[in-house]
1. Could you compute the FRET efficiency for GLU66 and ALA91, with r as their C-beta to C-beta distance and R0 at 22 Å, rounded to 0.05?
2. Roll a 1.4 Å probe over the protein heavy atoms and report the accessible area of GLU122 in Å², nearest 10.
3. Read phi for every residue in the range 31-39 and hand back ³J(HN,Hα) as whole Hz from Karplus 6.51 cos²θ - 1.76 cosθ + 1.60, θ = phi - 60°, with x for Gly and Pro.
4. Going highest first, how would you order 74-83, 95-104, 126-135 by mean Cβ packing within 10 Å?
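The values are calculated or read from the model by the stated rules, or taken from the named source; none is laboratory data. Just so we're clear, the structure is a prediction, and the values are computed from it rather than from any experiment. For neighbour counting, all protein chains shown are included, and Cβ atoms are generated from backbone atoms with ideal geometry for every residue, glycine included. Calculation scope for accessible area: heavy atoms of the full protein, side chains included, ligands and nucleic acids excluded. Shrake-Rupley method; radii C 1.70, N 1.55, O 1.52, S 1.80 Å.
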Amino acid sequence: SKGYQAAGGIGYVPQTAIFDQDGIILYSDSGMLEYDTLVDIINAKLDKNSEAESTTDPVDPDPLPEVGTSVGDRFADLTLTTLSGEEINTADLRGKIIVFNVWATWCPPCVAELPYFNQIAENYADSVTVIAVHSNLHLYG
């Protein structure tokens with residue numbers, strides 16, 4: 001497998017997932033994500049949405065897929081707490097593409113790709129939200 005084993009054996013980092021404006025998983029993989037690949041995925045989705053908006057015929061939306069973890073599935077809504085204590089629910093971000101990245105400070109590929117995510121957040125501020133989560137999470141359950 002790709003990447004580095006995360007704390008507590010919860011998986012590998014870096015882990016990146018990209019969700020469309022409806023929460024559908026467009027991409028999910030471990031290992032370093034190249035900037036050009038990230039931009040291509042985002043632009044393809046934005047271009048597709050732009051084309052759909054330009055049609056004059058009303059289109060019945062497809063029903064949303066079931067919640068799951070594979071590309072094409074709908075991502076389960078999450079509520080996360082930021083370092084400043086603010087709660088963010090992914091359902092509140094509908095209408096924007098979400099780039100969700102799990103990373104670690106001790107993982108060289110993770111640190112190397114952080115500037116990509118900063119660029120995406122700046123260049124696509126109106127249409128993309130970037131969420132970065134450090135892998136040293138305390139999971140309870």
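1. Taking R0 as 22 Å, the efficiency between GLU66 and ALA91 is 0.85.
2. Number for this one is 140 Å².
3. Result, rounded to whole Hz: x, 5, 9, 5, 4, 4, 5, 4, 5.
4. 95-104, 126-135, 74-83
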